[in-house]
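What follows is calculated from the coordinates using simple rules that are stated; it is not laboratory data. A quick note: this is a predicted structure, and the numbers were derived from the prediction, not measured. All Cβ positions, even for glycine, are placed from backbone atoms using ideal geometry, and neighbour counts span all protein chains on display.
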Amino acid sequence: MNILKTTFLLAAMTVILVTAGNALGGQSGMVMAFGFAIVMNFVSYYWSDKIVLRMYNAREVADTEAPGLHATVRHLTQAAGIPMPKIYIIPSEQPNAFATGRNPEHAAVAVTDGIMRILTKDELAGVLAHEIAHVKNRDILIGTIAATIAGAISMLANMAQWAMIFGGGRGNDREGGSHPAVMILMMILAPLAAMLVQMAISRTREYGADRTGAALLRNPEALATALEKISRGAQVIPMDAEPATAHMFIVSPLTGGGLLSLFSTHPPMEKRVAALRAMRPPYEI
């Protein structure tokens, strides 16, 4: 059911992108947007991990440099029955972490300097178990493709804005698009629709990774307390994060409350923690 739901949501993202292309450039814009979506999906499939890791200046660490980190990840991957991923450290004081890659054979787990400072050994293991769960559940490819398409939609919205400024919104009515009113609506609604779809994908998978991670570690409380600490830390320590990749982190790296929290890509923290603390053995992966 989750695979069907995710496929539907990704299809919805592509439809939004193509519709935005139609509003910007009529039929030719629609064809260009569809081709752009195919290219972006191809790129994200093969190079998404490198793109995201470079975006956050993540540095790969060897076993000799971080033996404790490697030992914990190795234990969890053995329990999950997947290959050992590459391990990276992000130079940021905000406590956070994410997993990326196209499949368990080409995966990477990244943690910030900040998360390693504030968490206990058991809490850090809980976070790593959550990220290994994303790898095992094959969530990471879905997340990066969603991020790529969302970024493309935002790019089209920006193109529409410049087209309006320089008079590009006139003259293509015969193709069925580029009317100024339509372009204005697209500029406002397309990124919002993409964000809502992205949010739906992420929230479903965060609950699943919490459950699987807690079962791998056999210690839901460790992940619950880690999430509480990370959530508090993320609210007070900023990170220069891209909104299109916010859903990849264990906790949203975007600070702020109110309307921003309403449209967060992550489920409410109190609900995640409550679900973890309601788990009882035997824990099933």
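Taking label positions 7 Å along the Cα-Cβ direction at both residue 45 and residue 62, the computed distance is 3.4 nm, reported to one decimal.
With a cut-off of at most 16 other beta carbons within 10 Å, and DSSP calling the residue loop, which GluC sites (Glu not before Pro) in segment 68-127 qualify? Please list them.
When the GluC sites (Glu not before Pro) of segment 68-127 are filtered for loop state and at most 16 Cβ neighbours within 10 Å, 93 remain.
Ignoring lysines fewer than eight residues from residue 86 along the same chain, the ones with Cα atoms less than 23 angstrom from its Cα are 50, 121, 136.
At an R0 of 35 angstrom, the distance between the Cβ atoms of residue 188 and residue 38 translates into a FRET efficiency of 0.85.
What does the extension gain come out to for residue 122 and residue 70, with contour length at 0.36 nm per residue minus their alpha carbon separation?
Values: separation 52, 0.36 × 52 = 18.72 nm, distance 1.42 nm.
In short, 17.3 nm is gained.
Converting phi to 3J(HN,Hα) with the Karplus coefficients 6.51, -1.76 and 1.60 and the offset θ = phi - 60°, segment 44-51 yields 5, 5, 8, 10, 4, 4, 5, 5 Hz in sequence order, with x at every glycine or proline. Highest mean first, the peptides 229-238, 242-251, 12-21 sorted by other C-beta atoms within 10 Å per residue fall in the order 242-251, 12-21, 229-238.
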